[in-house]
There are 2 protein chains.
Amino acid sequence: MERRDFSNPLPLTGLRVTDNFWKKEMELVRTEVIPYQWEALNDRVPGAAPSFCMRNYKRAAEIQKEKREKGSAYVPQTWPLTTFETLPKEPGRLDGRFYGFLFQDSDFSKWVEAVAYSLSQHPDPELERTADEAIEIVCAAQREDGYLDTYYLINDESAIFTNLRDNHELYCFGHLAEGAAAYYQATGKDGLLKAAERFASYIASQIGPEEGKKRGYPGHEIAEMALMRLYELTGKREYLELASYFVNERGRKPYYFDVERKLVCPPGELRYQYNQAHLPVREQEEAVGHAVRAVYLYSGMADVARATEDESLKRACETLWNNIVRKKLYITGGIGATHEGEAFSFDYDLPNDTAYAETCAAIGLVFFARRMLQLTPKAEYADVMERALYNGVLSGMALDGKSFFYVNPLEVLPEACHKDKRKQHVKPVRQKWFGCACCPPNLARLISSIGSYAYTEKEDTLFLHLYLGGEITAQAGGRQVRAAVYSEMPWNGAVSLECRSDLDEPYTFALRIPGWADGYELDAPEGTKREEKDGYLYLTRAWKKGESVRMNIPMKIRLVCANPLVREDTGKAAVMRGPVVYCMEEADNGKNLHLLEIGADEMHTAAGRDAMGEHFIGITAGGRRRMADGAEEEPLYAEYRAPDYEKAELVYIPYYMWNNRGEGEMQVFTRVYG
Amino acid sequence: MERRDFSNPLPLTGLRVTDNFWKKEMELVRTEVIPYQWEALNDRVPGAAPSFCMRNYKRAAEIQKEKREKGSAYVPQTWPLTTFETLPKEPGRLDGRFYGFLFQDSDFSKWVEAVAYSLSQHPDPELERTADEAIEIVCAAQREDGYLDTYYLINDESAIFTNLRDNHELYCFGHLAEGAAAYYQATGKDGLLKAAERFASYIASQIGPEEGKKRGYPGHEIAEMALMRLYELTGKREYLELASYFVNERGRKPYYFDVERKLVCPPGELRYQYNQAHLPVREQEEAVGHAVRAVYLYSGMADVARATEDESLKRACETLWNNIVRKKLYITGGIGATHEGEAFSFDYDLPNDTAYAETCAAIGLVFFARRMLQLTPKAEYADVMERALYNGVLSGMALDGKSFFYVNPLEVLPEACHKDKRKQHVKPVRQKWFGCACCPPNLARLISSIGSYAYTEKEDTLFLHLYLGGEITAQAGGRQVRAAVYSEMPWNGAVSLECRSDLDEPYTFALRIPGWADGYELDAPEGTKREEKDGYLYLTRAWKKGESVRMNIPMKIRLVCANPLVREDTGKAAVMRGPVVYCMEEADNGKNLHLLEIGADEMHTAAGRDAMGEHFIGITAGGRRRMADGAEEEPLYAEYRAPDYEKAELVYIPYYMWNNRGEGEMQVFTRVYG
């Protein structure tokens, strides 16, 4: 593994996003999601379950204050730690205990992370002041030794780090560190960063391989990548060491999750699959268990592999990546085929209607993909990242930014969602807010930082993984390189890049050739050195200001089928164009979508369409509808005869736009003929 | 409704079954299931979960004895009634409480019912002595006032009839009455019958519409039809009145199930759908909730409708029947599409791989069908009865009678059963015995009494609903009519009926023309009056001994498809021949059955086959296999192109024979082309 291959995300402060598509999403996050989320954190959303997030921080801060004032005379009250979620017996009448989900602290951290990214694109003194005030409350809740999880600080400090498997302390730390780093990078203010660092140091003092420490690791991963972010920001090796320890200790025997609950004779090998702690990570060959946790872990593994140039860890990442991408990935970029454990199912088991495909899992896959790209610039990683972003991630949010999906199925029959308990995890309409509100704030922080996924840089190269329109300042190796990207993705494959710096030395722009492209045209200044490798077109020259590259990647409508081993999609095909997966909705196609079939050899047309307040490319596909008039009067079983069909024009819209017109059927994979 | 249409099942004592097919099944029950079951009832099966059934009866008998001896000085110990199942803390070390499932008493009742039917076909003094001894124990457990449920007699008599919704007392009574009636009919011994009658009278003294009684009804239905059986056997109207009351009270407001748990302001309307107690039965238009309970209720409703000539109740039965048969029935005769509540799903929701289709539910459907036939002799009822019997009922038992399915899916991928929690109710192989052992003994009692489903009689008519080979004595109206039926069903449609009595007056043999028949040939004595009505061919004459009828119902291989509103079967077809549904197994067709397609216009051949110790008709069907060599190396998604196929001969075996060669894939519905 050559260190010189590694690249890093472009700092968001060196980027001004002008992209039509993503700018709109970022604005939604800025104007809708972030303010709404702040109200939610403060329990001010009428009709929504209270979060108790800021309330818990304030309560923990009171306790710290009392401690400081009373010193050793202070004997805190304790509360039982028995429930995953604590709700007041009477709403509004709270006693001193912690309320809400036990990982509720992380709601603040995700919010402040999204705020940070938003501020770096769109300064907003009022929002920044709100964030500063919130940070003050959070910091006031921190214990003198650095510990900061309000669930334990409020309820029972004696139980700190006694249930790493279930109780999300290290998860809350991870989100805190991510938010703190982002806020520091956006504003230069280090109050929260210092708090996160103190918490990290406290963790390192309690957990680790050394005598007297607990040999634990996170039950819900994220601390690994968060620590790596702290390390990369501060250069302090203790964070790298703790992250490496977490990665390397995981899955060893005796299982720490047994040790902490004093199990002596552990039953079966695989019971910690849910937490990816069933095997040492280098021995894991299949992506298993809770999908979000899995890709968060793999992201941390990739970070550690890069920082430590650990070839075996990198290979483990590649193995797990390949398993996901070749056997466990929905066409939408969704992962986690089963709601049982919100988990990966077995190879090739990708049911459309009972899919889980949690928004957060698709987001986590984007994290993982970007880190694989940093390790090795291969377009296949960016292809998956792009697939998730334009489909299974964005489908999580309504077009107005006001409601959200946790679960992103590929086929929905609303009647089944209402009547069939097997599908009760599938909601036929997006929800305003969830008690366990992981997906909306996760969407907010990803979308507002989209620039750090579109571009990575190393000393002499800027990688364009996604064609995100924007003004860029690359700055690796101390040399500033400015450039502008124009793009109409995902609707049009004509993109251009203009260099806005005069460079004396050769510099490379590495343009991704998407996996969906069937060739491309390129127009680059004469004398530019061109090299194609692993799906990237490397264009090298001593660029002069104003020189530009135009690339045209024709977008055609593609009928896409799944591997024949995917039982659920046998005989079916989906429609794609560029990176966008399409779907049919009842609103356009009537009820009983399962009676429609798409003709492989019929004419399929893409055309601009205005609907649902959006301008997008819609598709009409030649197809047919199986006649079923009066079927309710017909017997349930009858002698087979070739069905009667009528010609039908199938109307497809982008999958991420589904369910913005009320409840109705939806379907991605459709039976195909011809 | 004309009373003279009504018919009654032929008494089993008037029948000697000679049928090749069913005789073999009956022998399995006699030689394998009944003895095994007796060992199980007595906790003598090594490796199987103990039943505690006979142990509980003995324990309750001790208590009764103590009571009698000590009189009012006796203060029984009580035990908490909190669990659905009680297991000893240390196996083998029992204290005085009740053990096992709270409905464990019924295991004895089902066993004694099967024994009774078996004795009527196959006298066996030793078995009869065993049964007599068991009955003695059971009767000794009965309380002086007639109450007889060991769960309450042992644990806490003060709680009797306080939880009709969940605690199965009336269910246990129902099975006791069924077993008792059967044993009396087979042996003439009335000890158990008297016990059941006393229990019935006790129930009537405690539950009913009169002031001071509880206005309750069974949470798990069966008492309705059991009481009707007692009524028809004894002529005592109190049983009819109690059954009618149960049927008529059910679902009225305030809900008794609320009243008994002292709920004042009941939430939502439909929460007692599970128990079919959400609406008065005459207002129920959709079959909902627990499928076994549902068809047991409907059977009782049909019995009451017949005895009371209640037209509105009969209509309710018809409505519910139609809903099942038109919208909720698997092609195998299975019902109950979801394991959630072991229940009916919504209309047309008939998934193949997650099907529940409990063996007992198919058995209950046979009960319901026979009763609908008694009300109105229409072949459509017998068609469904036959469909269930030859397919979804028999599939519940291995060919050697030694292992059983609770769940009868129409498609199985063993890997999914092992790895996918959504399918953990689907077992890839039959189980030896279940803790909750309802299906094996239910199979035993149905199979041993198959004759009472094959034939019903009224004064001047013998109905042949199924062509069960046997020697028959019809005796309605005091006139003995003897006949013999020869049949090779389900493999061959040539059947014959020979009259073995000389009759002075005209008498009618009503021969069913199966719904699957495409015409038939008939050879009857000259001068026989022939009338075809509702799927029965009525043949009337003053039959002379030796006169016979030969009917040939050609059996061809049929490709059968589901109604287009059944989403799961779109584009697919199943293979049937006569009443038998066929399936493909991995053992014959290799892995990945989903890659196989059957050609509608290809040649399909039926031929005698010997395998798995059986002689049966196997089918080979012309089809094709989608090429998928090396698919594991191919990407998960790719541009659609018409698949490559290779010609394939699809090997089908009868569905009920599946899974007698170890674990493997199985599939009933297959994609069809042409």
Count - residues of the range A:404-445 that are within 11 Å of chain B (Cβ to nearest Cβ) and part of a loop (DSSP other than H, G, I, E, B): 4
Residue check, residue B:452 open to solvent by 10 Å² or more (accessible area, probe 1.4 Å), out of contact with any Ser or Thr (no Cβ under 9 Å at 6 or more places or on another chain) and not β-branched (Val, Ile, Thr): yes
From the options A:204, A:182, residue that is part of a helix (DSSP H, G or I), of a type in the set (Gly, Ala, Ser) and without any contact (Cβ under 8 Å) to a residue 40 or more places away in the chain: A:204
Sole residue being closer than 25 Å to residue B:664 by Cβ and modelled with pLDDT of 95 or more, chosen from B:331, B:335: B:331
Enumeration of residues in the range B:550-569 that are aliphatic (A, V, I, L, M), within 11 Å of another protein chain (Cβ to nearest Cβ) and over 23 Å from residue B:619 (Cβ atoms): B:565
From B:65, B:89, B:70, residue being farther than 17 Å from residue B:153 by Cα and open to solvent by 80 Å² or more (accessible area, probe 1.4 Å): B:89
Yes/no for residue A:626 being within 30 Å of residue B:324 (Cα to Cα), within 14 Å of chain B (Cβ to nearest Cβ), over 33 Å from the mean Cα position of the chain (by Cα) and charged (D, E, K, R): yes
Filter pass, residue B:293 being modelled with pLDDT of 95 or more and open to solvent by 10 Å² or more (accessible area, probe 1.4 Å): yes
Residue match in the range B:73-80 (condition: open to solvent by 40 Å² or more (accessible area, probe 1.4 Å), at pLDDT 90 or above, of a type outside the set (A, V, I, L, M) and in a strand (DSSP E or B)): no
Candidates A:159, A:141, A:134, filtered to the one that is within 28 Å of the chain's Cα centre (by Cα), of a type in the set (A, V, I, L, M) and open to solvent by less than 40 Å² (accessible area, probe 1.4 Å): A:134
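Could you tell me how many of the residues in the range B:596-618 are part of a strand (DSSP E or B), over 24 Å from residue B:401 (Cα atoms) and away from chain A (no Cβ under 14 Å)?
3
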Single residue of B:385, B:301 found to be crowded, with 24+ Cβ neighbours inside 10 Å and either at pLDDT below 95 or under 23 Å from residue B:217 (Cα atoms) (or both): B:301
Of all residues making up the range A:619-643, the number that are surrounded by fewer than 17 Cβ atoms within 10 Å (Cβ to Cβ) and in contact (Cβ under 8 Å) with a residue 40 or more places away in the chain: 0
Odd one out for residue B:572, checked against (1) within 14 Å of chain A (Cβ to nearest Cβ); (2) over 30 Å from residue A:411 (Cα atoms): (2)
Qualifying residue in the range A:23-38 (condition: outside any helix (DSSP H, G or I) and touching a strand residue (DSSP E or B) at 6+ places or on another chain (Cβ under 7 Å)): no
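Out of all the residues in the range A:587-606, which are in contact with an Asp or Glu (Cβ under 7 Å, 6 or more places away or on another chain) and open to solvent by less than 40 Å² (accessible area, probe 1.4 Å)? I'd like the intermediate steps shown before the answer.
Quick first cut of the range A:587-606, residues in contact with an Asp or Glu (Cβ under 7 Å, 6 or more places away or on another chain) only: A:591, A:593.
Within the range A:587-606, just A:593 meets the criteria.
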Residues located in the range A:214-264, provided they are over 27 Å from residue A:438 (Cβ atoms) and open to solvent by 60 Å² or more (accessible area, probe 1.4 Å): A:215, A:236, A:237, A:238, A:241, A:252, A:253, A:254, A:259, A:262, A:263, A:264
Unmet criterion (only one of (1) open to solvent by less than 10 Å² (accessible area, probe 1.4 Å); (2) within 32 Å of the chain's Cα centre (by Cα); (3) on the phi < 0 side of the Ramachandran plot; (4) more than 10 Å from chain B (Cβ to nearest Cβ)) for residue A:578: (3)
Test: residue in the range B:340-359 that is of a type in the set (Val, Ile, Thr), away from every other protein chain (no Cβ under 14 Å) and either over 13 Å from the mean Cα position of the chain (by Cα) or open to solvent by less than 10 Å² (accessible area, probe 1.4 Å) (or both): yes
Residue list for the range A:92-115, filter: open to solvent by 60 Å² or more (accessible area, probe 1.4 Å), of a type outside the set (Gly, Ala, Ser) and over 14 Å from residue A:154 (Cα atoms): A:93
Hits in the range A:520-546 (condition: open to solvent by less than 40 Å² (accessible area, probe 1.4 Å) and assigned to a loop (DSSP other than H, G, I, E, B)): A:524, A:525, A:528, A:535, A:542, A:543
Residue match in the range A:458-475 (condition: open to solvent by 30 Å² or more (accessible area, probe 1.4 Å), touching a residue at least 24 places away in the same chain (Cβ under 8 Å) and of a type in the set (A, V, I, L, M)): no
Among the candidates B:390, B:356, residue that is closer than 29 Å to residue B:108 by Cα, among the hydroxyl-bearing types (Ser, Thr, Tyr) and in contact with a Ser or Thr (Cβ under 7 Å, 6 or more places away or on another chain): B:356
Among (1) open to solvent by less than 10 Å² (accessible area, probe 1.4 Å); (2) at the interface with chain A (Cβ under 9 Å from one of its Cβ atoms), the one test that residue B:583 misses: (2)
Extreme residue, farthest from the other protein chains (Cβ to nearest Cβ), among residues of the range B:644-663 that are closer than 26 Å to residue A:599 by Cβ and surrounded by fewer than 19 Cβ atoms within 10 Å (Cβ to Cβ): B:647
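The values are calculated or read from the model by the stated rules, or taken from the named source; none is laboratory data. As the structure is a computational prediction, the values presented were derived from the model and not from experiment. Here the Cβ is made from the backbone with ideal geometry for all residues, glycine too, and neighbour counts use every protein chain on show. In case anyone asks, the SASA skips ligands and DNA or RNA and just uses the protein heavy atoms, side chains included. Shrake-Rupley method; radii C 1.70, N 1.55, O 1.52, S 1.80 Å.
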